[in-house]
Amino acid sequence: MNLDLSQQLFQRAQEVIPGGVNSPVRAFKGVGGTPVFFVSGIGPYLADVDGNHYIDYVASWGPMLRGYSCEPVVRAIRDQAIRATSFGAPTLQEIEMAELVVERVPSVERVRMVNSGTEATMSAIRLARGYTGRDRIVKFEGCFHGHGDSLLVKAGSGVMTLGLPDSPGVPAELAKHTITLPFNDIRAVEETFAGIGSDIACVIVEPIAGNMGVVAPANGFLQSLREKTNANGALLIFDEVMTGFRVAAGGAQELYGITPDLTTLGKVIGGGLPVGAFGGKADIMDQLAPIGPIYQSGTLSGNPLAMTAGLALLQTLDDEFYTALAESTTSLVEGLLIEASAAGIDLHINSVCGMFSLFFTAQDEVLSYEHVMQCEAEKYKKFFRLMLENGVYFAPSPYESAFLSGSHTEVEITQTIEQAGQAFRRIV
């Protein structure tokens, strides 16, 4: 596979962009080689600057639920761009998006739009602290909630990929208010609340972890968070930036039947454009300015392009879509496991409706950051390179989720399984 032009562009980028990329995982440091520079996508396929084509399982990190160049989304963006790209003022589209979110997401009675997932989680944390009058927050190892100062303690995603345990620039006085517990460890949650429950403003969690690879909640874990926060006057925040509208119409909270106090959203609600949102119970959300004392703002929040694109996508998603997506995911996962077994490869795959991760391990389960770190990341790196060379694009990190879209058909799934079988036999 020829990547000459991608290599040239990466060299050029490094002269003017730190590390040559605008988000660290893109640098391919987790898998080696040169980042691929893309120029177009349609359905489940991507094309790069060198003319190579790939079956894609990154989906712009989740939002491309209907695949690339989804016709209703493209049409909506084009029509809105002709009218105006931005106002920095109220629009009908932001009301329609808010109404749709309130209708579909069980926990949300009020919602505010922002411009990124990081901004959503930062704002939700500030709101929780202001509402409770407390400073301490609880998060979980391997869960990534954006690059806000309070949340870069034992975070997942690119922090894991690059081997950065914490980030310089985060004040120690701020970091000390963040308590990090093992994901899926109910006992640790109980002990923490028994000791300092009255000091905790909130617990923030990815209900399905997606930033150390896909790790689903163990039985009773989310329920224990709900019970302990309720009993101690703390708020429960579900970070559904990745899972919101991705795993079900109402997100992971619909799947598991747990209603948090606040929810953060992103990705899908922008239809592929940059966006974020946070919402929750009316009495909490109404503490925000201009009607409450807790300040939060964003000049281009509720941008009409992002709102229009998100509405166009969300209006195509129904129960039938999610059922078909789950079936496609199961078909792919089962095929990959059969090929791995035939090649003598120890492989475990976690998956939840359109999200999945490959863990090269003999462990029977992968339920925590500790389990993830015991997997053979080097085998994933080899797998990634071999699949890339044969036209299949997975996440360029052992610690990220892969995504299917509704545009992946039996043809792409079969081809992926066949290519994976060849790759497994080469990395034994």
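Using C-alpha pairs under 8 Å with a sequence gap of at least 6, the mean separation divided by the residue count of region 1-91 gives a relative contact order of 20 percent. For the chain, modelled as a GNM whose springs connect Cα atoms under 10 angstrom apart, the maximal fluctuation among 312, 231, 98 occurs at 231. With N as its number of residues, region 341-424 has a Cα radius of gyration that, divided by 2.2 N^0.38 Å, comes to 1.07. Quick check: the distance between the Cα centres of region 43-59 and region 262-276, to the nearest angstrom? Between the Cα centres of region 43-59 and region 262-276 lies a distance of 23 Å.
Note on region 292-353: semi-axes of the ellipsoid equivalent to its C-alpha gyration tensor, largest first and rounded to whole Å, are 41, 18, 10. The residue list 184, 298, 25 was ranked by how far each Cα lies along the charge dipole of the chain toward its positive end, using unit charges on Cβ atoms, and 298 comes out on top. Put a plus charge on the Cβ of each Lys and Arg, a minus charge on the Cβ of each Asp and Glu, and nothing anywhere else: the dipole of region 16-115 about its Cα centre is then about 200 debye. Distance from the C-alpha centroid of region 95-115 to that of region 182-206: 27 Å, rounded to the whole angstrom. Available extension along the chain between residue 428 and residue 291 is 43.2 nm, counting 0.36 nm per residue and deducting the alpha carbon span. Computed from point charges on the beta carbon alone (+1 for Lys and Arg, -1 for Asp and Glu), the dipole magnitude for region 201-333 about its Cα centre is near 300 Debye.
Among the chymotrypsin sites (Phe, Trp or Tyr not before Pro) in region 253-300, those placed in a DSSP loop whose Cβ has at most 12 other Cβ atoms within 10 Å are 295. Charging the Cβ of each Asp and Glu at -1 and of each Lys and Arg at +1, and nothing else, the dipole of the chain about its Cα centre rounds to 880 debye.
When the alpha carbon coordinates of region 9-68 are projected onto the principal axes, the ranges are 35, 23, 20 Å, largest first. Going 7 Å from the Cα of residue 318 toward and past its Cβ, which residues in region 74-108 have a backbone nitrogen under 17 Å from where you end up? Counting backbone N atoms under 17 Å from the label point, the list is 104.
Over the chain, with a single point scatterer placed on each C-alpha, what log10 of the ratio I(q)/I(0) does the Debye formula yield at q = 0.10, 0.13 1/Å? So the normalised log intensities work out to -0.68, -1.19.
Probing with 1.4 Å while keeping every protein chain in the model, the per residue accessible area of region 1-97 equals 54 Å². Per residue, the average separation of C-alpha pairs within less than 8 Å and at least 6 apart gives the chain a relative contact order of 23 percent.
Share of carbon and sulfur in the accessible area of the chain stands at 50%, probe radius 1.4 Å.
Within the listed set 253, 93, 315, the Gaussian network model of the chain (springs between alpha-carbon atoms below 10 Å) gives the highest mean-square fluctuation for 315. Spin-label model, residue 23/residue 84: points 7 Å from Cα along the beta carbon direction are separated by 2.9 nm.
When region 183-284 is described by a simple charge dipole with +1 on each Lys and Arg Cβ and -1 on each Asp and Glu Cβ, the residue from 223, 257, 202 located farthest towards its positive end is 257. Computed 3J(HN,Hα) for region 23-31, one whole-Hz value per residue from the Karplus formula 6.51 cos²θ - 1.76 cosθ + 1.60 where θ = phi - 60°, is 7, x, 4, 5, 6, 6, 5, x, 10, glycine and proline marked x. For region 187-327, the Kirkwood hydrodynamic radius from C-alpha pairs, put into Stokes-Einstein at 20 °C and a viscosity of 1.002 mPa s, yields a diffusion coefficient of 129 µm² per second.
Counted residue by residue at 0.36 nm each, then reduced by the alpha carbon distance between them, the extension gain from residue 49 to residue 365 reaches 109.8 nm.
The values are calculated or read from the model by the stated rules, or taken from the named source; none is laboratory data. It should be emphasised that the depicted structure is a prediction, and the values quoted were computed from it without experimental measurement. With ideal geometry, Cβ positions are generated from the backbone for all residues, glycine too; neighbour counts draw on all protein chains shown. Just the protein is used for accessible areas: all its heavy atoms, side chains included, with ligands, DNA and RNA removed. Shrake-Rupley method; radii C 1.70, N 1.55, O 1.52, S 1.80 Å.
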